[in-house]
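Trainee: Supplied in structure tokens, the structure appears directly below.
Here, each number is a calculation from the coordinates, and none is a lab measurement. Since the structure is predicted, the reported quantities are computational estimates derived from the model, not experimental observations. Please note: Cβ atoms are built from the backbone with ideal geometry, for glycine as well, and neighbour counts cover all protein chains shown.
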Amino acid sequence: MQLHLPGRVLDLSDPIVMGVLNVTPDSFSDGGRYTAVDAAVERALRMVEEGALLLDVGGESTRPGAPAVSLADELDRVLPVIEALSRRTTVPISIDTRKPEVMEAAVAAGASLINDVAALRAPGALAAAARSGAAVCLMHMQGEPGSMQLDPRYGDVVAEVRQFLAERVAACNAAGIASDRLVLDPGIGFGKRLEHNLALLARLHDLRVGACPLLVGVSRKSMLGAMLGRGVTDRLAGGVAVATAAVLAGAGIIRTHDVAPTVDAVRVAMALRHAGYASV
Ligand code: 7PJ
């Protein structure tokens, strides 16, 4: 499995870990602007030391009920961090955004992957992503972040998510984004109940479209809270367990806040895969 980024090819035959870098005001509280950028960059470089092979920079929270962020504020948060990071590491940088203007500015500043929880459905997003030359992660989400967890419903969640992803791949291809630039993501927790998240993880392999690698992001999410009855600060072991299962089910990229333990989990899962792991 491979992913074509501008000017380089990312080898995913061994799965890799994407470190999450939130640059919302609450994520690096107090201090001035310089401190906030600096703290974000230091945190990202620590994730690289821990083995992250992708860094996902986001300036807009998509958690259920999170407030909307203006274009100016989002640019202001992410661009200085992306510029500084691209000078200090060769690890590819991903921009987590739904806004076409942010996609283009972030790629110009050094990002090489666009991670869009709306799968390029915003007006102008397909064209902006195509023009940028960057790779794209297309994620499934039912509804909108503000209301998506109120009453999510599916007939066959796996079939519906796969159908959505296949349609978005076709839309990308038609807009000039080749499939070797695409990553697909079931969108754990985005308009899904626990049973839906579990079905998608259990049948991850059935979500595949062509040769596009799959990304799974579960770290600290409420599905772990629902299963384990634990708060957001106490979900590490659960997240690592799901990461292990996702790699065994064929995921190529694991998105996480907790890079070091997740890298260990990926290595263990790959050792099992090389030894002929077969599900019962
Ligand atoms: C995801 C994401 C995910 C992708 C977030 C959180 C919520 N992008 N952005 N996949 N989740 N591709 O990290 O808890 O699962 S924000």
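Trainee: 7 Å from Cα along Cα→Cβ at both Glu144 and Arg63: what's the point-to-point distance in nm?
Mentor: With each label placed 7 Å out from Cα toward Cβ, I get 2.0 nm.
Trainee: Give me the compactness ratio for the stretch 129-280, meaning the Cα radius of gyration over 2.2 N^0.38 Å.
Mentor: Values: Rg = 15.7 Å, N = 152, 2.2 N^0.38 = 14.8 Å.
Ratio of Cα Rg to 2.2 N^0.38 Å: 1.06.
Trainee: For Arg203 and Arg121, calculate 0.36 nm times their separation in residues minus their Cα-Cα distance, and state this gained length in nm to one decimal.
Mentor: Extra length from Arg203 to Arg121 when fully extended: 27.0 nm.
Trainee: Find the all-direction average of the projected area of the Cα convex hull for the stretch 1-102, expressing the result in square nanometres with one decimal place.
Mentor: So the mean shadow area of the Cα hull is 7.4 nm².
Trainee: Follow-up. Which cross-chain or sequence-distant (5 or more) residues have an amide H under 5 Å from the amide H of Ala119, H modelled 1.01 Å from N in plane?
Mentor: Distant-sequence amide H within range of Ala119: Met139.
Trainee: May I pose another question? Which whole-Hz couplings ³J(HN,Hα) result when phi for each residue of the stretch 105-120 is put into the Karplus expression 6.51 cos²θ - 1.76 cosθ + 1.60, θ = phi - 60°, listed in order with x for Gly and Pro?
Mentor: After applying 6.51 cos²θ - 1.76 cosθ + 1.60, I find 5, 5, 5, 4, 7, x, 6, 10, 9, 9, 10, 10, 5, 9, 6, 6 Hz.
Trainee: While we're on this one: Suppose R0 equals 45 Å. What FRET efficiency, 1/(1 + (r/R0)^6) with r the Cβ-Cβ distance, do Thr90 and Arg153 give to the nearest 0.05?
Mentor: E(calc), rounded to 0.05, equals 0.55.
Trainee: Can I ask one more? What are the principal axis extents of the Cα atoms in the chain, in Å, biggest first?
Mentor: Here the Cα extents, ordered largest to smallest, are 52, 41, 39 Å.
Trainee: Would you mind telling me the antiparallel percentage of the DSSP bridges in the chain, rounded to 5?
Mentor: Within the chain, antiparallel bridges account for around 10 percent of the total.
Trainee: Enumerate the amide H contacts of Leu5 below 5 Å, restricted to partners 5 or more residues apart or on another chain; note that Pro and chain-start residues carry no placed amide H.
Mentor: Under 5 Å from the amide H of Leu5 lie the amide H atoms of Leu10, each far enough along the sequence or on another chain.
Trainee: Can you compute 3J(HN,Hα) from phi for each residue in the stretch 139-151, using the Karplus curve 6.51 cos²θ - 1.76 cosθ + 1.60 with θ = phi - 60°, rounded to whole Hz and x for Gly and Pro?
Mentor: Coupling constants for the stretch 139-151: 10, 7, 9, 8, x, 10, x, x, 10, 5, 9, 5, 7 Hz.
Trainee: Here's another thing I want to ask about it. Please give the Cα centre distance for the stretch 231-280 versus the stretch 201-228, rounded to the nearest Å.
Mentor: Centre-to-centre (Cα) distance: 11 Å.
Trainee: Still on this structure, please answer the following. What list of ³J(HN,Hα) values in whole Hz, one per residue of the stretch 201-216 in order, does the Karplus curve 6.51 cos²θ - 1.76 cosθ + 1.60 (θ = phi - 60°) give from phi, with Gly and Pro shown as x?
Mentor: Going residue by residue, I get 5, 5, 10, 3, 4, 6, 8, 4, 10, x, 9, 5, x, 9, 10, 10 Hz, with x marking Gly and Pro.
Trainee: How far apart, in nm, are the 7 Å Cα→Cβ label points at Ser222 and Ala241?
Mentor: 2.1
Trainee: I need to check one value: relative contact order of the stretch 16-212, counting alpha carbon pairs closer than 8 Å and at least 6 residues apart, in percent. Provide the component values of the computation, followed by the final result.
Mentor: Values: 331 pairs, mean separation 32.5, N = 197.
The normalised contact order for the stretch 16-212 reaches 16 percent.
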